[in-house]
There are 2 protein chains.
Amino acid sequence: MAQIKPRTLSGFMELLPARQVQFDRMVDILRSSYSLYGFTPLDTPAIEASEVLLAKGGGETEKQIYRFTKGDTDLSLRFDLTVPLAKYVALHQNELTFPFRRFQIAKVYRGERAQKGRYREFYQADIDVIGDGSLDITNEAEIPSIIYKTFTALGLKRFKIRVNNRKVLNGLFALLGLEEQAGDVMRTIDKLEKIGPEKVKAILVDDFAVPADTADTLLSLLAAEDPMAALEPLRGKNELFDLGVEELTTVVKYMAAYGVPQDHFMVDLTIARGLDYYTGTVYETVMLDHPEVGSICSGGRYDNLAEYYTDKQLPGVGISIGLTRLFSVLEAQGYLNDALITAPADVLVLPMTEDLAPAIAFATTLREAGIRTQLHCEKKKFKQKLSYADKLGIPYAAFLGEDEIQQGKVTVKDLTSGEQQTVTADEAVALVRSGLAARAGGAPIREPQN
Amino acid sequence: MAQIKPRTLSGFMELLPARQVQFDRMVDILRSSYSLYGFTPLDTPAIEASEVLLAKGGGETEKQIYRFTKGDTDLSLRFDLTVPLAKYVALHQNELTFPFRRFQIAKVYRGERAQKGRYREFYQADIDVIGDGSLDITNEAEIPSIIYKTFTALGLKRFKIRVNNRKVLNGLFALLGLEEQAGDVMRTIDKLEKIGPEKVKAILVDDFAVPADTADTLLSLLAAEDPMAALEPLRGKNELFDLGVEELTTVVKYMAAYGVPQDHFMVDLTIARGLDYYTGTVYETVMLDHPEVGSICSGGRYDNLAEYYTDKQLPGVGISIGLTRLFSVLEAQGYLNDALITAPADVLVLPMTEDLAPAIAFATTLREAGIRTQLHCEKKKFKQKLSYADKLGIPYAAFLGEDEIQQGKVTVKDLTSGEQQTVTADEAVALVRSGLAARAGGAPIREPQN
């Protein structure tokens, strides 16, 4: 038969079974963490009508979109989860209850040039709170606590959430007479971490006609040890700025009540998150030991989710985790906790008699007790069957020979310690359960000891 | 701003939040049911190279495929989960341990003509066991128990698993001298339930030159009350037939040990499941009260999963649930258990003071106790906030006014009974927990009382 060489497209993550279990465990934790904060799960189509998906149009994103026709219909694969959310909320606005809190963990598609760490199909894990006309600042204050609890539940410890407010930035530019160059200034200060304050100043002054002393004022503000204190003297001169400082103050104020430790949170006036979309609090999250990775969870407050679809004013706040990329970073850095069980089963049952009924009945008992069980009835040597369990990391094997069957018992072997005992089915359930409980409890991420 | 009318493509399921929760609950049950049987989760790309996905080529499916180019690459969206599995196993054969047991619950795409009950994007929930060169018959015997346990866990009671064996059918055709017309005969007897035995006989005799007495023999066999007994006298004349009867006998024999009640299982010699793919046991599952829906879970044994990609012989057995269609049937028939909580949260916390810190701290306590909690801090009237909880079906509201805060307490209101009590945070946790436990425990499917 003519054969085709099997391959998986580059830029598409396809994991081996043990890694997949680790990935899924992270997804489970995200789901339960988001659920704890009262977000409802949503699932929207991966394909949308192009005119709907590209209503906003233009930009870099459009070139990356997987777009095609089927019959007469111009279709596109979603490139993020925000545009489908906007469509969903605009379409179903009369059936939804606001504030509408949803999470979605799903694949999105971007046909980027393939390169290391870039995926063409990748999971995003998003939450958004959408208000009907208005949305209280407390929603913005809650987001860092969700980020903190989520990454903590995943097992990450050394990370920091950075927060800023776009009203503060825009107000500041107005105060400094930089309104016209606001976009350019924002893009330039975004490079601060990369190129340092001297070069930023040079660009501001030389390329964007910012007066040297204004650039100094701006840069010293952005570099302030205590940003909230540094902003204080500027209050009372610009309404937008004052509102921004007030919002930022509220966000900071409630961090303790939300259970976010001080060392996991900071105000960083250099964070902007793009030019047009965000209008209030913005968020970034960095791994302290891997700043080169960039932000692993970002988002912010916006004023108009669905202006391309509806006149209804839908302000919101949301964050997104690029899960596929995060997972590949964690894997590359040795952050995945390989001590957790990734085997497809907890017990491998090995029948040793012609009649399989007793072994099958025992497997049925284990499953009814919630223990993940495989029966191995292939015509293989005993040693090969144990090697199968070993390769998969299955923690227990159970043998049922003539002796065991006559006694109404089963021999259970702990494949880690090598210990084995012949017990009743009920005792076997208890034994396996307590053994599994002792192994469980770890988080999917384990940071290397420093 | 120029606006685009938001819409979701026809043939694409998009659920409102409460329904989505019900759908997700079913997915969760499928995941844990499949896991109990030792299947490992897999996730493969939704997009594959067309030459890989269409290696088998031809047929009805190819017309339905979403196929397009990006750059120079000819791409297709997967139309099932079996071909991607074949690719995966062929590609990673040296890194996998056999028998390889995997489940995958994911969306597939078929650009069919849109009609009621047909979806262009739909979830399939598949399990497969793949052997390396050989695969024992016990794997085929295990499948009905997985089907039984899975649907029982979902809450479905009135269903029956029908089993046949392709070797029996093919052997039977050989015995009856119908080898040449085997395909036509199989397609015709597949219509038995629809058009009845007289018309089937007429077609067999008139269109496919089956002798009348042979047609009678065949039809009486297929209609036998006890199919296994009816097959018995034919043994010893055809090797394939004998092997098939032996396999079918093994499958039937172990049903009790696997915990499948007799009334949920039957041998049905009319089941064929297509012409070329399956080679051993085949399965269908029907809802007793809705036979018109057809099979809700089907599959079978095949000899060669990946012959288009590798010389390695990879026999397997698998089943698939068309989850999106099943869900729409359950919804239409009123089978979804609306008594289960579909709210995004268990408790809605309503701060009644300017300083939100005590309410936020209480919400944090609830979340740390695993209780799904929303804070409602919008500038709305108290009545509107309660109506929000009511619309979403949130079971509890918690108020923190000056009085409560001074006493270090909170007022918890059961929104179903209207009862309210002022208690400490710890007491509130216990109260909500026991209330939720009392409501929980139902399955997602609830059959109407007959």
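Values as computed for the structure displayed
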read-out: For B:358-369, mean number of other protein chain Cβ atoms within 10 Å; value: 4
read-out: Whole-number D in µm²/s for segment A:53-124 (Stokes-Einstein; Kirkwood sum over Cα pairs; 25 °C, 0.890 mPa s); value: 176 µm²/s
read-out: Cross-link partners of B:Lys160 among aspartates and glutamates (Cα-Cα below 13 Å; sequence separation of 8 or more within a chain); value: B:Asp263, B:Asp268, B:Glu284, B:Asp289
read-out: Gap separating the Cα centres of segment B:202-224 and segment B:292-369, nearest whole Å; value: 45 Å
read-out: Paramagnetic reach from A:Thr61 in segment A:177-217 [backbone N under 12 Å; point 7 Å along Cα→Cβ]; value: none
read-out: Out-of-range pairs (alpha-carbon distance over 25 Å; input A:Lys87/B:Lys383; A:Lys63/B:Lys87; A:Lys157/A:Lys253; A:Lys107/A:Lys191; A:Lys87/B:Lys116); value: A:Lys87/B:Lys383; A:Lys63/B:Lys87; A:Lys107/A:Lys191
read-out: Average partner coverage of A:30-41, which counts Cβ from other chains inside 10 Å; value: 6
read-out: Separation of alpha-carbon centers, segment B:95-123 and segment B:380-422, rounded to whole Å; value: 44 Å
read-out: Formal net charge of residues neighbouring A:Leu156 (Cβ-Cβ distance under 13 Å; K, R +1; D, E -1); value: +3
read-out: Relative contact order [Cα under 8 Å, 6+ residues apart], segment A:347-436, whole percent; value: 29 percent
read-out: Student exercise, segment A:347-436 dipole from Lys, Arg, Asp, Glu Cβ charges, in Debye to nearest 20; value: 460 debye
read-out: Stretch gain in nm, segment A:Ala212-A:Ser32, where the contour uses 0.36 nm per residue and the Cα spacing is subtracted; value: 59.7 nm
read-out: P(r) weight above 28 Å for segment A:1-151, C-alpha pairs, percent; value: 33 percent
read-out: Over segment B:100-174 - Rg/Rh using Cα atoms and the Kirkwood inverse-distance radius; value: 1.05
read-out: GNM result for chain B, Cα springs below 10 Å: residue of B:Arg101, B:Arg235, B:Arg120 fluctuating most strongly; value: B:Arg235
read-out: FRET efficiency for B:Val205 and B:His92, using Cβ-Cβ distance with R0 set to 45 Å, rounded to 0.05; value: 0.35
read-out: Quarter of the Cα convex hull surface for the protein assembly as shown, i.e. its orientation-mean projected area (nm²); value: 42.3 nm²
read-out: Average Cα contact separation per residue, segment B:17-332, under 8 Å, 6 or more apart, as relative contact order %; value: 23 percent
read-out: Candidate lysines for bridging to A:Lys385, where Cα separation is under 18 Å - those fewer than 8 sequence places away on the same chain excluded; value: A:Lys413
read-out: Two-site label geometry, B:Glu402 and B:Glu239: point separation in nm, points 7 Å out along Cα→Cβ; value: 9.5 nm
read-out: Evaluated over segment A:205-283, the Cα radius of gyration and Dmax, each in Å; value: 14.4, 46
read-out: For residues of B:90-102, the mean tally of beta carbons on other chains within 10 Å; value: 4
read-out: Axis proximity, chain A to B: residue whose C-beta lies nearest, plus whole-Å distance; value: A:Phe68, 2
read-out: Calculated label separations, A:Gln333, copies of the chain, 7 Å along the beta-carbon direction, nm; value: 5.0
read-out: Dmax and Rg, reported as Rg then Dmax, of segment A:347-436 (C-alpha, Å); value: 11.8, 32
read-out: Square roots of five times the Cα gyration tensor eigenvalues for chain B, Å; value: 52, 26, 21
read-out: Approximate spin-label separation B:Ile195-B:Ala182, in nm, with each point projected 7 Å along Cα-to-Cβ; value: 2.3 nm
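Rule-based calculations on the coordinates, nothing more; no lab input. What you see is a predicted model; the values in this text were computed from it and never measured. When we count neighbours, we look across all protein chains shown, and the Cβ atoms used for this are built from the backbone with ideal geometry, even at glycine.
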